[in-house]
1. Name every residue in segment B:206-248 that is among the charged types (D, E, K, R) and farther than 19 Å from A:Arg51 by Cβ, in order of residue number.
2. Has segment B:58-73 got at least one residue that is hydroxyl-bearing (Ser, Thr, Tyr) and touching a Ser or Thr at 6+ places or on another chain (Cβ under 6 Å)?
3. For the structure I just gave you, tell me whether A:Thr179 is within 30 Å of A:Leu6 (Cα to Cα) and among the polar types (S, T, N, Q).
4. Whether any residue in segment A:19-28 is without any contact (Cβ under 8 Å) to a residue 40 or more places away in the chain and among the polar types (S, T, N, Q) is what I want to check.
5. List the helices (runs of 4 or more DSSP H) inside segment B:111-229, counting only whole elements, that have at least 3 residues being within 14 Å of chain A (Cβ to nearest Cβ) and touching a helix residue (DSSP H, G or I) at 6+ places or on another chain (Cβ under 7 Å).
6. Taking segment B:230-255 as the search range and keeping residues that are touching a Gly at 6+ places or on another chain (Cβ under 8 Å) and buried (at least 21 other Cβ atoms within 10 Å of the Cβ), which one is nearest to the other protein chains (Cβ to nearest Cβ)?
7. Given the conditions (1) closer than 17 Å to A:Val315 by Cα; (2) assigned to a strand (DSSP E or B), report the number of the one that A:Glu241 does not fulfil.
8. Does segment A:149-166 contain any residue that is assigned by the TED database to the domain that holds A:Val23 and touching a His at 6+ places or on another chain (Cβ under 8 Å)?
Amino acid sequence: MARLELDDITKHFDDDGETIVAVDDASIDIDDGEFLVLVGPSGCGKSTTLRMIAGLETITEGELRIGGRRVNEAKPRDRDIAMVFQSYALYPHMTVRENMSFGLEESTDLSEAEITERVESATDTMGISDLLDRKPSELSGGQQQRVALGRAIVREPEVFLMDEPLSNLDAKLRAQMRTELQRLQEDLDTTTVYVTHDQTEAMTMGDRIAILNDGILQQVATPLEAYHAPANQFVAGFIGEPSMNFFDVDLEGDSVVGDGLDYPVSDDVRAKLDTDALVLGIRPQDIELVDAVESGHDVAVTVDVVEPMGDENNVYLTFSDTAGNETFIANVDGRTLVDEGDDIVARIPEEAVHFFDRRSGEALRNREFDGDADVDLSL
Amino acid sequence: MRGKLAAYLGRLVRRNRIRADGGEVNATRDSGLVSDEFTSSLPYWLPPFVVMGLAVYGAILWNFFLSLTDSSGFGAPDYANLDFEMYARAFADPVFIGALRNTFALLVAFTVLCLVVGLVVAVLVDQGIRYENTFRTIYLLPMALSFVVTAQFWLWMYNQQNGLVNIILGVVGLGPYEWIGNPSLVLGAVVFALIWQFSGYAMVVYLAGLRAIPTEQFEAARVDGATTLRMYWRVIIPQLKGATISASVVLMVFALKAFDFLYSLTGSYYPPKGSDILATMMVRQAFVANNRAYAAAIGIMLFALALVVVAPYLLYQYRAGEL
């Protein structure tokens, strides 16, 4: 177990004389035993970052330290890491036992008996003891996934690297493995870097999540912080399902005015807005649907589409008094009955509203949230 | 393609007849299906079937009967009393035993070394080097040359006085060797020349095999702590089993066909002493010594040898469900 430090890590690829910046100046300190999730859309540089930690890509600039030791130049085998690949990369000609003992045979001096013991204890942990003599082709996707994880944990490395390990599983199994992986990581207490494009995985699994876009690190924060206090508009839009609604607005006196929206803001909020060109953000979950306009924070809307999900409804709304048919989403209780074409009122509570600088995307005002507040769990 | 065309023609024929019957669709369709497809596809598969059957398999069968006669010299062979005398004669003939041994030595040494050289070159070319396509073409090019050309070329290379091989060896104080004239060296020299010509083929097959292995396999092995050499030995090469089998079958068939090369070395049915193989001996017996039956027997044994070579490949394909 070790602390993993990325210090101004940069990666350039050379494409026919043209330099492509895959990762730009990323700095993350990952604590010993921490579960860090690297998340971002495809092509954002998250996999490249992981591969640089693994030693499968060279680092153009910056320093990478594992347990305080600089490993920029170290070969993968000298970094004491184990990696789980998206495709699992099990060796097809080897049995499960051989797959799992391969790493120990190649990287340690353990005796055959010790290797057998460690492999068997790892298969016990993963619940695949009865598969030891099978070949990967004889296993289901979920079983292969377990073997791939087992192959990593049997090594007892300083750092686990996981490259979208659950993306090849069906939805149900993925949810199950997500919990299992979390429990496993807590038991082993091994520093883990986990790459995913799935923000649900990021939210549920990570101690902290690092959000990347276009090779640039947007924010490193706990899942709740990233959700409630996003550093910028990209993070706000990426984290959360359905995505946050954004409206381009301009600050005019006491309110912000946009297409179909005239929204009064309090002095406290206005004090934080240091520019006129803004983006107003509101999470679908924070929008309430009511019958009548009662204050300036209520807007008349028309229901465009209703997606019933059972426990909740995603209601697509358009502003009633504009010609545009741009929709935004409200996420309401599943028992709220609304129909397409209904004229209703959306209430956008001011305490839940985010404001972003329209040019830089930087968050100027986030919803009221105190991450450090003690939560009273007594009933 | 051919099958589809036949099926289409079959449908046409059927449709016309149904119309003539006055619309008795159900009654004719089922019973007509098999025979219709069979007869309508006849013009397509029958001619090649007959030609192949007679010219190849018929000739092999005829050759087998010829090998059971005692025919020699001119005149029609006597098919009245057939026996295995020629086969017995072969195994008592030191020339045959020598040719058999040479054939085996050539087969094994050539195939194994070709695979090894091809694999090493393929692994090197696979390292993402510059001008990769150029290298690949250069290595594959000798295979495009005729045996007549390469045999002449290697005759010059092996020339005792001014051949390049002896000149290079001379630099480090070895030789000169009589590569072609010395019976104990000639087979090795022939094997070397054939490897030069065919290792490029093994390389191309292995390169395709290497490309088919996902990058993650290499990366997983490296992360697992394997050195480059161990990675290839334990993870990559075992996955090239299919490539190895198909390449070795083709190479072994080439080895059995080394007749062309040996014939071109001397321009006669008498290859350099020490390099006589079953193929050269068979032709010599048939067309110089006029021992038709004896040559036929040698031919049948060469054929059996080829079958033994191809059988594992067919078995592998059958097991893989490709046959």
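The values are calculated or read from the model by the stated rules, or taken from the named source; none is laboratory data. Just so it is clear, the structure is predicted and the values come from calculations on it, not from any experiment. Cβ placement follows ideal geometry from the backbone for every residue including glycine, while neighbour counts extend to all protein chains displayed.
1. Here is the first cut: in segment B:206-248, the residues among the charged types (D, E, K, R) are B:211, B:216, B:219, B:222, B:224, B:230, B:234, B:241.
Selection gives B:Arg211, B:Arg230, B:Arg234, B:Lys241.
2. Taking segment B:58-73 as the starting set, the residues that turn out to be hydroxyl-bearing (Ser, Thr, Tyr) are B:67, B:69, B:71-72.
Within this subset, residues satisfying the condition of being touching a Ser or Thr at 6+ places or on another chain (Cβ under 6 Å) are none.
There is no residue in segment B:58-73 that is hydroxyl-bearing (Ser, Thr, Tyr) and touching a Ser or Thr at 6+ places or on another chain (Cβ under 6 Å).
3. Details: within 30 Å of A:Leu6 (Cα to Cα): yes; among the polar types (S, T, N, Q): yes.
When the stated conditions are applied, A:Thr179 passes them.
4. Initially, segment A:19-28 is screened for residues without any contact (Cβ under 8 Å) to a residue 40 or more places away in the chain, giving A:19-20.
Now drop any that are not among the polar types (S, T, N, Q), which leaves A:19.
The answer is yes; a qualifying residue exists.
5. On the way: elements: B:132-144, B:147-157, B:164-171, B:183-212, B:215-223.
Hits in segment B:111-229: B:215-223.
6. So, considering only residues that are touching a Gly at 6+ places or on another chain (Cβ under 8 Å) and buried (at least 21 other Cβ atoms within 10 Å of the Cβ), the one nearest to the other protein chains (Cβ to nearest Cβ) is B:Leu240.
7. (2)
8. Taking segment A:149-166 and keeping what is assigned by the TED database to the domain that holds A:Val23, we get A:149-166.
Restricting the remaining residues to those that are touching a His at 6+ places or on another chain (Cβ under 8 Å) gives A:164.
Scanning segment A:149-166, I find at least one residue that is assigned by the TED database to the domain that holds A:Val23 and touching a His at 6+ places or on another chain (Cβ under 8 Å), so the answer is yes.
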